[in-house]
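Okay, so here's the structure we're looking at.
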Amino acid sequence: MNRKTLVLSAAIGLLAPALAACGGSDGGSDGDAIVVGTTDQFEVTSDAPAPFDPAYSYDAAVWNVLRQTFQTLVSVPKGGGEPVPDAAQSCSFTDSGSERYACTLRKGLEFSDGRPMTAADVKYSIDRVLDIDSDSGISGLLSTVDTVEVVGKRQVVFHLNTSDATFPYKLATPAAAIVNPDHYAKKKLRDGFDIDGSGIYTLKTQVEHGKVVKAVFTKNPHYKGDAKAKSDKVELRSMASADAMETSLEKGDIDVMSRQLTPDQIAKFSAKAPDGINFIQSPGLETNFLGFALDNGEVRNKAVRQAIAQVVDRGQIASEAYKSTSESLYSLVPAGIAGHANSFFNKYSDPDKGKAAAILRDAGITTPVALSLHYTQDHYGPVMKKQFELLREQLNDSGLFKAEIHETKTWTKFRAEQLDGKYQVYGMGWVADFPDADNFLAPFLDKDNFLKSTYVNNTVRRDLIPASRREADRMTASKTLGRIQNIVADDVPVLPLTQSKQYIATRDDITGAEWALSATSELQLWELDRGVSG
């Protein structure tokens, strides 16, 4: 079940020639915080009052904070492979059907305030996510949990309601973060930006006008786990734009430039990085797609969605909007993941206006079909504007659609209105919770999916997803996973567009950057250190 090795080994092959850092470091940083820039914004709003609560947050940007500050029972090692113990001393399935999973905690675990951690705290944390059942969809990651049993102070047993060979990966996500019950009410979200966990770092934030402008991570003296903090202090600083982030990097105001570099910046740095800057590229699993509110106007008709799929030119979007920093994607499951199938290409092949017209004509649909397309640059960057301009042009030039595009300024508003079904067609990205095909399918297709989609295919939900989870060998599950992808290509509840590579730029005295991004694009700030400038 070695699902991550393939991706990471490919990444390492690319990273070795790309790294140009000079020197290294035998100890921790020299006392100055390593400053990491990001265009991600963290804010409290009426729609998102508890952005840093593991029972609510289901967002790549926020998970970059939670990963540093909370422990999980298991974690995916930086070299890839199956999850290994973190807060746990050992974990394993105790039955042949992958329905019972038991963990024994390490001795002497403590939260950051010194409070001892027990198995009861693990149960509390998992039950809390399921009881709150936030509309973010985060509880879906734990949907196969039936009951959590505590045996003494150090053993916890998960009784699952169905076979789930992917369950260890789910326990490695922030959905299973172990919270301090003294600070997290059992059935109420914790508002604001305070965090109390047992992770490798503690957190202090500087907040202005309801937004975090600076998140400072300091080494947690109470942490007991496998990760090693290379630096005692790391600062995550929210930047107004990618251009501002680049300027700060070149001036030395920040040490690392992470999410989100623009395609123009990537092209520039790939051709020749500025003096004193190292630029690193690795394979990525971040995907970009169109979603549909299936009870909103014409898109409730499958033929309309199929015609859109037949018209859209992914190649043009990848080359012109993303400047070839992304590749065309023909499935919800990205290339490089066991079970990937090019189902959309197999069904629709290249863009074809004639075939699209026939689909609509056979369904008795009058053209042009009015479409309302929605996107936000906040969270995804300015590339989304260019992407949606191209989509509008492709759809309207076919003569089959009359598409209009609309931008929502803030991510929090965009996400809230998307969940409310206000957007007929919308653009979003997906960063995997864990590198397995199940995590690119179930969150979109299962009950209580994170899009709040009304799409239901009982064959997928009742038969195929459960069948795929019974296979501990994920290659063996490929046939079942392929059937799911073919059904998606026919029904088009979502339309995959592109798969992105991942990039990071650093000052040349920063070491460990090759491990600073996981295969699922999550920051691993504890890997960063300050060495010797080249």
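The values are calculated or read from the model by the stated rules, or taken from the named source; none is laboratory data. Here the structure is a predicted model, which means the values were calculated and not measured. Here the Cβ positions follow ideal geometry from the backbone for every residue, glycine too, while neighbour counts run over all protein chains shown. When the accessible area is computed, the model is the full protein with side chains, heavy atoms only, and any ligands, DNA or RNA have been set aside. Shrake-Rupley method; radii C 1.70, N 1.55, O 1.52, S 1.80 Å.
Quick notes on this one:
- Single residue of LEU523, LEU464 found to be out of contact with any Asp or Glu (no Cβ under 7 Å at 6 or more places or on another chain) and either in contact (Cβ under 8 Å) with a residue 24 or more places away in the chain or farther than 27 Å from GLY421 by Cβ (or both): LEU523
- SER198, sole failed condition from (1) farther than 30 Å from PRO443 by Cβ; (2) hydroxyl-bearing (Ser, Thr, Tyr); (3) part of a loop (DSSP other than H, G, I, E, B): (1)
- Condition check for GLN316: closer than 20 Å to TYR426 by Cα, open to solvent by 30 Å² or more (accessible area, probe 1.4 Å) and not β-branched (Val, Ile, Thr): yes
- Residue in segment 160-168 that is open to solvent by 10 Å² or more (accessible area, probe 1.4 Å), in a loop (DSSP other than H, G, I, E, B) and among the β-branched types (Val, Ile, Thr) present: yes
- For segment 182-209, filtered to residues that are touching a residue at least 40 places away in the same chain (Cβ under 8 Å) and among the small types (Gly, Ala, Ser), the residue that is farthest from ALA227 (Cα to Cα) is GLY192.
- ASP146 being over 24 Å from SER46 (Cβ atoms), open to solvent by 20 Å² or more (accessible area, probe 1.4 Å) and either free of Cβ contacts under 8 Å to residues at least 24 places away in the same chain or in a loop (DSSP other than H, G, I, E, B) (or both): yes
- Residues satisfying the stated conditions in segment 244-285, i.e. of a type outside the set (A, V, I, L, M), open to solvent by 40 Å² or more (accessible area, probe 1.4 Å), in a helix (DSSP H, G or I) and touching a residue at least 12 places away in the same chain (Cβ under 8 Å): GLU250, ASP264
- Members of segment 319-336 found to be open to solvent by 10 Å² or more (accessible area, probe 1.4 Å) and part of a helix (DSSP H, G or I), listed by number: SER319, GLU320
- Residue check for GLN310: outside any strand (DSSP E or B), open to solvent by 10 Å² or more (accessible area, probe 1.4 Å) and closer than 15 Å to LEU395 by Cβ: no
- For segment 202-237, the set of residues classified as among the polar types (S, T, N, Q) and buried (at least 20 other Cβ atoms within 10 Å of the Cβ) consists of THR202, ASN220, SER231, listed by residue number.
- Test: residue in segment 120-130 that is touching a residue at least 40 places away in the same chain (Cβ under 8 Å), crowded, with 16+ Cβ neighbours inside 10 Å and in a loop (DSSP other than H, G, I, E, B): no
- Residues of segment 337-363 that turn out to be assigned to a loop (DSSP other than H, G, I, E, B) and open to solvent by less than 30 Å² (accessible area, probe 1.4 Å), as a count: 3
- Helices (runs of 4 or more DSSP H) wholly inside segment 410-479 containing at least 2 residues that are open to solvent by 20 Å² or more (accessible area, probe 1.4 Å): 411-419, 465-469
- Residue that is most open to solvent (accessible area, probe 1.4 Å), among those in segment 386-405 that are within 15 Å of LYS355 (Cα to Cα) and not in a helix (DSSP H, G or I): GLY399
- Qualifying position, being loosely packed, with under 15 Cβ neighbours inside 10 Å, at pLDDT 95 or above and touching a helix residue (DSSP H, G or I) at 6+ places or on another chain (Cβ under 9 Å), among THR366, THR376: THR366
- The residues listed here are LEU290, LEU360, LEU294; of these, the one that is in contact with a helix residue (DSSP H, G or I) (Cβ under 7 Å, 6 or more places away or on another chain) and touching a residue at least 60 places away in the same chain (Cβ under 8 Å) is LEU294.
- Test: residue in segment 183-193 that is open to solvent by less than 10 Å² (accessible area, probe 1.4 Å), in a loop (DSSP other than H, G, I, E, B) and farther than 17 Å from SER92 by Cα: yes
- Among the residues of segment 76-117, those that are assigned to a loop (DSSP other than H, G, I, E, B) and open to solvent by 40 Å² or more (accessible area, probe 1.4 Å) comprise LYS78, GLY79, GLU82, THR94, ASP95, SER96, GLU99, ARG106, LYS107, GLY108, ASP113, ARG115.
- As a summary of the residue check, GLY482 satisfies the conditions (1) open to solvent by 20 Å² or more (accessible area, probe 1.4 Å); (2) assigned to a helix (DSSP H, G or I) except for the one numbered (1).
- Residue within segment 344-358 that is at positive phi and more than 21 Å from the chain's Cα centre (by Cα) present: yes
- Residue count for segment 491-522 satisfying the condition of being open to solvent by 10 Å² or more (accessible area, probe 1.4 Å) and either in contact with a strand residue (DSSP E or B) (Cβ under 7 Å, 6 or more places away or on another chain) or closer than 30 Å to TYR455 by Cα (or both): 15.
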